[in-house]
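A quick write-up on the structure given underneath.
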Amino acid sequence: MPSSTTGSVTPVPTHCPYCSLQCGMTLTPREQGAGPVLEVAGANFPTNRGGLCEKGLSSAELLDHPDRLTTPLVRDHRDAPFREATWDEAYDRIVTALTVAQERHGRDAAGLFGGGGLTNEKAYQAGKFVRVALRSASIDYNGRFCMSSAAAAATKAFGIDRGMPFPLADIARADTVMLVGANPADTMPPAMRWFAAGVERGARHLVVDPRYTATAATADVHLQPVPGTDLALANGLLHLAIKHRLVDAGYIAERTTGWPSVRRAMRQYWPDRVERITGVPVRVMERAVHLLAESRATMILSARGAEQHAKGSDTALAWINLALALGLPGRPSSGWATMTGQGNGQGGREHGQKADQLPGYRMLADPAARAHVAGVWGIDPDELPQPGVSAYEMLDRLGTPGGVRALLVMASNIAVSAPRAAHVRERLGALDFLCVSDLFLSETAELADVVLPCAQWAEEEGTMTNLEGRVLRRRRAVEAPDGVRSDLVVLAEIADRLGRGAFFDREPRAVFDELRRASAGGKADYAGISYERIDAERGVFWPCPSEDHEGTPRLFQDGFATPDGRARFHVVHHRDAAEPPDDEYPYRLTTGRSRAHYQSGTQTRRTKTLLDAEPEPVVDIHPDLAARLGVTDGSDVSLRTRRGAARMRARLSPEIRPDTVFAPFHWSGEATINDLTNPALDPTSRMPEFKTCAVALEAAESTHGEDADT
């Protein structure tokens, strides 16, 4: 632990463990008995300029939480209670289970499910572990449920996926910003200072959201579409831009391909038709398109509200089409971007956790990519498996012939966060063996045969890549409790017991240096990024192909990452949600995050500060709909879809559409909202349709005051 010669403790600079903003913070150890083991303060880092939200400020409460796991847990049989075990016993059980599964069912019967919260080093090690130690194709991660549609769209249009191709600070310099399915006022509050700075200099903001959110409340224009109709809205705006001659013909001719086909296709999206589909009045669309087209600098920022659909990739492409037609990408303080959600949602998807990818955004099916990465790893390219299946497809097949039979889970609570979560819990129960690494006994860990206690963010070294593509340093401020190990070490030690330990390192810096070599020449090129440069430059933007390269804060200024340097338009058409309302399920359910909680709630539901702020989940219902159902504010409501049911308290809100209800996904028990969601997959990204499904509602007898599980 760093300290000065006088005995005073030196603050350690690091980054928040929660969202993709990765706010800078300092951690100062406290004297024992004075509250959390670390005092947290915001740092004047470029992304947050000293600001922290309540999640960041309370993050140290978890480090010495009484529920913290500090020793491996095992069961003597599936129905037995957990008991404490040594690491040797836990490893023996894991290695035996992986080996038996592969001997009986083939190499792909052993797999790993990762997470967007893992450091770059651990995400890289996870991908390498599955391909080199297990020689299996069975790996994917929870980022498939978050960023995959936007990533697929950006790759198609621009040739590269970096969620935000410019620094966050550029938002303050834009004259017009449209946010599509994004609510940063609740999901990443410190980012709002950049939006506020723009407003102070006269910028206009537009928000597209079925709810009148805290972000929408700050906007000049709120477009409130039916959930699942964002694609039609984008096409309708492009139709109007063409009609009013607002497109940038010079930019289109010089920097894009595919425009004539898109221009013809937009004839189908005349304003009255789009109003009928989306519910957005023509006059509002007219105002919006003029604001977007007539500003000096315009940004279109999308997020999960637009992307977590069975047509999410096409929806993102529709907004990219609009941005390209207006000549935005590559211009100063302009462009299209997607606001990554998870802490390392960007870096976590770049270096091998996805079933079809290798480090540096190389594709596993590409012979040249296989040869390069195999060379770095010291194996024959033929040893590498072919691409596996995506996250939900892997989970759906657990315990079945041809599916995974022995699964490792790291940094993910899929029993709560996966779509059709009750079905996923059934599949987890069908496994021959489940091992979960976690900080706490999460809902997924409760189903495991072996549970491993892992190190927390303030107890480890490593790197993260934030929503801007800025590679950052995570620094250790306190030692992990005795008995706790890093996932990086765990993977290396399991590999050693499998006879493949020579291929794996335990030290984050050594793993990162290998990642740099593996990514060299790839689209996400980290070759020129070192720990020393990150420290000196307060983060380095990829691609950075050499140590004398300055990094790339802004993409697309001189061209796109396509063979001819031009961006691609794509013809995309609106189609109905995979499950529209009907007589039996007459309303629409949409889901998302709330301000005080994060992901499956494993951490935030254990943080007293956050639980005091939001002690239970609520479902937002328009007063008109509530009156028809006989529901009053604060009463209990039953929500039912074709996949399951949930129960939570009603909050009457005129800020949501009367045909739609909204519920957060952070809770478990009878409030597990992902028990209800539709697992219909986007054909390109394999993203499930979290954001809309048909739902029935009815007033329920109140259980408040009893032992209701929330």
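The values are calculated or read from the model by the stated rules, or taken from the named source; none is laboratory data. Because the structure is predicted, anything quoted here is derived from the model rather than measured. Glycine also receives a Cβ, built like all others from the backbone with ideal geometry; neighbour counts cover every protein chain displayed. Heavy atoms of the whole protein, side chains included, go into the accessibility calculation; ligands, DNA and RNA do not. Shrake-Rupley method; radii C 1.70, N 1.55, O 1.52, S 1.80 Å.
Dividing the summed helix terms, -39500 (n - 2.57) for each DSSP H run of n ≥ 4, by the number of residues in the chain produces a 222 nm estimate of -7500 deg cm²/dmol to the nearest 500. What lysines sit close enough to Lys128 to cross-link, taking a C-alpha to C-alpha distance under 22 Å and skipping anything fewer than 8 places away on the same chain? Qualifying lysines at Cα under 22 Å: Lys354, Lys523. Atom-type composition of the exposed protein surface of the range 523-647 places 46 percent of the accessible area on carbon and sulfur (1.4 angstrom probe). Under the combined filter of DSSP loop state and at most 12 neighbouring Cβ atoms within 10 Å, the range 380-483 retains these GluC sites (Glu not before Pro): Glu479.
Residues of the chain were split at every exposed loop site, defined as trypsin sites (Lys or Arg not before Pro) in a DSSP loop with at most 10 other C-beta atoms within 10 angstrom, and the longest piece left, sites excluded, is 246-710.
Looking at the range 86-178, the accessible area is 22 square angstrom per residue; that uses a 1.4 Å probe and ignores ligands, DNA and RNA. Model label points for Ala510 and Trp87, set 7 angstrom from Cα along the Cα-to-Cβ axis, are 1.5 nm apart. Think of a 1.4 Å ball rolled over the protein heavy atoms: the range 353-459 then has 28 Å² of accessible area per residue.
Can you give the FRET efficiency for Glu701 and Ala502, using 1/(1 + (r/R0)^6), R0 = 60 Å, r = Cβ-Cβ distance, to the nearest 0.05?
Details: r = 62 Å, r/R0 = 1.03.
Rounded to the nearest 0.05, the efficiency is 0.45.
Measure off 7 Å from each Cα along the Cα-to-Cβ vector at Thr96 and Gln386, then give the distance between these two points in nanometres to one decimal. Those two pseudo-labels are separated by 3.5 nm. Structure note, pairs Lys122/Lys691; Lys608/Lys691; Lys55/Lys608; Lys156/Lys311: Cα-Cα distances above 20 angstrom occur for Lys122/Lys691; Lys608/Lys691. Restricting attention to the chain, close to 45% of DSSP beta bridges with both partner residues there are antiparallel. Only alpha carbons enter this Debye calculation for the range 434-590, each as an equal point scatterer, and the log10 of I(q)/I(0) it gives at q = 0.21 Å⁻¹ is -1.29. Computed over the alpha carbons of the chain, Rg followed by Dmax gives 24.5, 74 Å. To put it simply, the accessible area of the range 326-473 at a 1.4 Å probe is 50 percent carbon and sulfur. Measuring between their Cα centroids, the range 402-465 and the range 199-248 lie 38 Å from each other.
What separates the Cα centres of the range 143-157 and the range 597-660 is a distance of 29 Å.
As a fraction of the 1.4 Å probe accessible area of the range 51-207, surface on carbon and sulfur atoms comes out at 48 percent. Accessible area per residue for the range 610-710 is 38 Å², calculated with a 1.4 Å probe on protein heavy atoms, without ligands, DNA or RNA.
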